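Read the structure below first, then the notes.
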Amino acid sequence: MAEIAVPDGSWTFNGEMLRIVPGSDKDIDELRRTLGEVRVPLEAIAGVAFEPARKGGHLRLRLRKGADALFDVAAGALGPPADPYRLAVPKARTGAAEYFADEIRDTMAVYQTPGGPCDGYLLPVPDVPVSATAGDGAAIFDGERVRLEWTGWASSEKEKAGPQEFPLSDISGVEWKPQSGMGYGTLRFRIKGEPPSTKSPQKDLRCVSWGIQRFGGATALVAAAVLARLPRERADQPEPPAAPAPAPTPDDVHDAVLRRLAELGQLHRSGVLTDDEFATAKQAMIRRLQDS
């Protein structure tokens, strides 16, 4: 088992599942606090990397398209500190973070996990009812209908029109964007039979907009909950199924484990891994060798 725990949260990987737990610090973003613990199966992972920076860096996880509604609806636009799939790592722990990323990548290579789109979600979809308030409105979704209620920041056009409500069956799509520069953050719903809106976010009755909160609180969770309950888009010409990848041989697993044990010893001797971290990781590698 590999684990890294820092003030921003903890990631634990047992070879089959990555468990992500946000930190308890008061500065943890509202979205991550609301989402809580996330469990990511190995087959949902498209890649993982440690991205170094001047004061440390980030562990960053990429998921396969279609594996997680939140990852899909955010489309890479979530950044620190709101992104649940990014962990801020202080400088003193960068070596452990690099080892952690290597551990996941090695496991993916051994078990040859697929990298293409998923047919169905591999992570749980957000529970309903779910709601979020940001900027000029609140979005409420109960699993069957979306309701938009305007706040005191709403434009006169939205106040005059009053709350908007539409059934899930009338929704053709959902878009979410963070606030950026002078542009507003938006949670926008597309309605069947209506052309794409040309109105500004402040006047669009299908849109909640915000100009101060960068990520709009938990609005991305509302977007993900709706997206997860819409019919999946299907290509006109589906790609033929890929040939199944051959199962890893015992020699493949044996070589990968021995290589990892050697790397663990080097990290321990250089002081990157503590005695406890080294012992835990070593035992996990030995168990994998015994099971192969």
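Here are the numbers for this structure:
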item	result
The chain, helix-only ellipticity at 222 nm - DSSP H runs n ≥ 4, -39,500 (n - 2.57), divided by all residues, nearest 500	-9000 deg cm²/dmol
Once the Cα gyration tensor of the chain is diagonalised, semi-axes √(5λ) in Å	41, 23, 14
Given the chain, longest segment not containing exposed loop GluC sites (Glu not before Pro) (DSSP; at most 11 other Cβ within 10 Å)	38-143
Rg(Cα) / (2.2 N^0.38 Å) computed for region 154-207, rounded to two decimals	1.17
Gaussian network model of the chain, springs between alpha carbon atoms under 10 Å - residue of MET182, MET108, MET17 with greatest fluctuation	MET182
Over 14 Å [Cα-Cα, region 85-136], rounded percent	75 percent
Links that overshoot a 21 Å alpha carbon limit, given the list LYS65/LYS177; LYS55/LYS177; LYS158/LYS199; LYS26/LYS65; LYS55/LYS282	LYS55/LYS177; LYS26/LYS65; LYS55/LYS282
For region 23-75, Kirkwood radius (reciprocal of mean inverse C-alpha pair distance, Å)	13.0 Å
Label zone at TRP153 (point 7 Å along Cα-to-Cβ), backbone N below 19 Å, region 206-227	206-223
Accessible carbon and sulfur surface of the chain relative to its total accessible area, %, 1.4 Å	52 percent
Residue-normalised accessible area of the chain, given per residue in Å² at a 1.4 Å probe	54 Å²
Student exercise, the chain dipole from Lys, Arg, Asp, Glu Cβ charges, in Debye to nearest 20	680 debye
37 °C / 0.692 mPa s Stokes-Einstein diffusion coefficient of region 112-154, Kirkwood radius on C-alpha pairs, µm²/s	251 µm²/s
Ellipsoid equivalent to region 1-141 - semi-axes via the Cα gyration tensor, in Å	25, 20, 12
Between region 1-72 and region 134-160, the Cα center-to-center distance that results, in Å	31 Å
Taking all pairs of distinct alpha-carbon atoms in region 131-229, Kirkwood radius in angstrom	13.2 Å
Estimated translational D of region 173-237 in µm²/s (Stokes, Kirkwood radius over Cα pairs; 10 °C; 1.306 mPa s)	124 µm²/s
GNM top mover of ARG86, ARG39, ARG232 - the chain, alpha-carbon springs below 10 Å	ARG232
Percentage relative contact order, the chain, counting C-alpha pairs under 8 Å, at least six apart	17 percent
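The values are calculated or read from the model by the stated rules, or taken from the named source; none is laboratory data. Here the structure is a predicted model, which is why all the values come from computation and not from measurement. Glycine also receives a Cβ, built like all others from the backbone with ideal geometry; neighbour counts cover every protein chain displayed. Each accessible area value is taken on the protein alone, full model and side chains, heavy atoms only, with ligands, DNA and RNA left out. Shrake-Rupley method; radii C 1.70, N 1.55, O 1.52, S 1.80 Å.
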